[in-house]
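In what follows, a structure is listed as structure tokens, so that the remarks can point back to it.
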Amino acid sequence: MKDDKISYAKPNKTLTEKPSIKKYLKYLLFFGPGAIVASLTVGQGQLIIGPQIGAWSGFALLWLITLNIGSYIIGYIGIRFTMLSGIGVMDLFALKTYKGWLNWILIAIMLVFIPIFTATIMTSLGQAISWILGFGNYLFWGVSICLFAGFLALLGRYKLLEITQVLFVAVLAIGAIVAVISINPDLFEILPNFFTIGQNVPNNYPSWVINNYPSVTRTPIPLLMLGYLGTLTFTLITLIGYLGWIKIKKWGIFRGRSDPVSFSEKCYKLFEKNKEITYLPDGTSEIKKSKILLKPLLVDLSLAFIIVSIISACYIITGSLLLGSRQILPDDTRLVQNQLVIFTYLADWLKPIFQISVIFALFGTVYSGFEAGTRMLFETSKNLIPRVKNFEYKRFMMYVLLYIVVVSIPLAIRMYVDPNFSVLFFLSITLLFIGVIGVVIYGIGVIFLSQKYLPSKYKLSMPSLIIGIIGVILLIIPFLFIFL
């Protein structure tokens, strides 16, 4: 690519057809990266924190699910920038913030909290395996399986795991949805709670939680709310991972490019050389094509948000009606066992299906998390730290995994031996930073820089810019309860 203007490829035929039911059904074929986002979301946090919140708060905090649309708005704006310009958002941050300070903040968040998240999943996964097998120390099982997952991630050839993860997460999701349908709750009682944003927040845990589940009450309610919001969001990990997936899918500016990765690098070098984006076309027909090429992204993220919202709501509802009515909760000693009630409400023979699905979902989360977390750190640092850019990716991954293992195992041991070192507390803290604080920082940066460096005809319109700012504000709302 030279310094002259590029041309966008002709959009997929489906995108230019006249409106019809058949056309919109074909839109479902664009659902791809969003399916990965959804399957990773319905993992440890949703399985544990969702039913727990429902059990002690009822339907009062369903509005947290509504707030999550803010993370998808932020995700859309960031991915939109790359689909229009070909430049990775993290490369933009590295080049256009003072000494890459925004990248350094996101790297610091990841380096601190990935090991903590790994330690919590060692505990929950180990408990699940020990529960199913009926023998063995759960810490031993958790550490061993996570080491195995790291080994497979380093090999990078375990594609079957990704397929099975989606399958078994789907089983957990369908189980919760079917349970809600079977219970037949009063929808008129439930639905208003999605819109009572900031209202009906409990001041304290119920007495039965305080008396019977002290490990749960160690996590302040505002922190648990923020942690739960972090389980819902388009996290730092998937925000960066998605930027790689659009190249594989050849969406946006990458459509028709034989080597999207090399093309993206050329776009970045031109931007670095000229200090601005000069290669995008300014003709009316080209701008129209660029907007049409964004539709797969909008469809994919919309479907992902809808799926995540439905599943998350079902876990809160079943937690309220099936766990709360029995006054049982997931806690540090039984992180996944008590959720069995949700499945066996339908039939006792579903118990082994639930158990196997939990193991695959948690194992898939840690395996995918190792890969996605490494990818995020690599993409964030490659144009910030020259030495990283010269690393072969697998070598970089080996160093990252070694760091995670060395730090997370002592943390998991501490959680095991010290009952005051609450798994749920540290899970909430981790999700707060990776899923809320990090996403807010990313969102502010991407809105500002994309509006500054995209050519005027490609910038967000004023209504879209306002929606983007509202998206950031929505994620900030639960922080207010820390001070109230």
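Structure notes:
- Think of the chain as having a plus end and a minus end, set by charges on the Cβ of Lys, Arg, Asp and Glu; of Thr233, Val405, Trp101, Trp101 sits farthest toward the positive end of this dipole.
- Neighbours of Arg218 by Cβ distance under 13 Å: Lys/Arg scored +1, Asp/Glu scored -1, total -3.
- Theoretical FRET efficiency, 1/(1+(r/R0)^6), r = Cβ-Cβ of Ile181 and Glu265, R0 41 Å, to 0.05: 0.25
- For the chain, the relative contact order works out to 39 percent when only alpha carbon pairs closer than 8 Å and six or more residues apart are counted.
- Pairs from the list Lys26/Lys289; Lys266/Lys288; Lys250/Lys295; Lys250/Lys394 with a Cα-Cα gap above 21 Å: Lys266/Lys288; Lys250/Lys394.
- Span from the segment 208-282 Cα centroid across to the segment 322-370 one, whole angstrom: 28
- Separation between Cα centres of segment 97-159 and segment 406-449, rounded to whole Å: 12
- Once the Cα-Cα distance is subtracted from the 0.36 nm per residue extended length, the Ile466 to Glu286 segment shows a gain of 62.3 nm.
- Distance (nanometres) between label positions extended 7 Å along Cα→Cβ at Leu133 and Ser258: 5.1
- Charge dipole of the chain about the Cα centre (unit charges at C-beta), most positive-ward option of Ile36, Leu191, Pro296: Pro296
- Of all stretches in the chain that contain no GluC sites (Glu not before Pro) in a DSSP loop with at most 12 other Cβ atoms within 10 Å, the longest one is 18-275.
- Extension gain (nm, one decimal) between Gln199 and Thr278, 0.36 nm per residue minus Cα-Cα: 23.6 nm
- When only alpha carbons of the chain are considered, Rg and Dmax amount to 22.5, 70 Å.
- Cleavage-rule hits (chymotrypsin sites (Phe, Trp or Tyr not before Pro)) in segment 57-108: DSSP loop, at most 13 neighbouring Cβ within 10 angstrom: none
- Each Lys and Arg contributes +1 and each Asp and Glu -1, all at the Cβ; summed about the Cα centre of the chain, the dipole is approximately 1980 debye.
- At an R0 of 45 angstrom, the distance between the Cβ atoms of Lys26 and Leu480 translates into a FRET efficiency of 0.55.
- For segment 199-294, the direction-averaged projected area of the alpha-carbon convex hull comes to 11.4 nm².
- Computed across segment 211-255, the Kirkwood radius stands at 13.4 Å (inverse of mean 1/r, all Cα pairs).
- DSSP H segments from the chain that extend 18 Å or more along their own axis, Cα-based, with Kyte-Doolittle mean of 0.0 or above: 44-57, 69-85, 101-133, 138-155, 159-183, 236-249, 295-318, 351-381, 393-417, 438-453, 462-476
- Alpha-carbon geometry of segment 313-431: the Rg and the Dmax are 19.1, 57 Å, given in that order.
- In nm, spacing of pseudo-spin labels at Thr333 and Phe151 (7 Å Cα→C-beta vector): 3.3
- Of the chymotrypsin sites (Phe, Trp or Tyr not before Pro) found in segment 181-236, those that fall in a DSSP loop while having at most 12 other beta-carbon atoms within 10 Å are Phe195.
- For segment 231-277, trypsin sites (Lys or Arg not before Pro) are listed when DSSP marks them as loop and at most 11 other Cβ atoms sit within 10 Å of their Cβ; the list is Lys275.
Rule-based calculations on the coordinates, nothing more; no lab input. Predicted model, so just to flag it, every value in this text is computed and none were measured. When we count neighbours, we look across all protein chains shown, and the Cβ atoms used for this are built from the backbone with ideal geometry, even at glycine.
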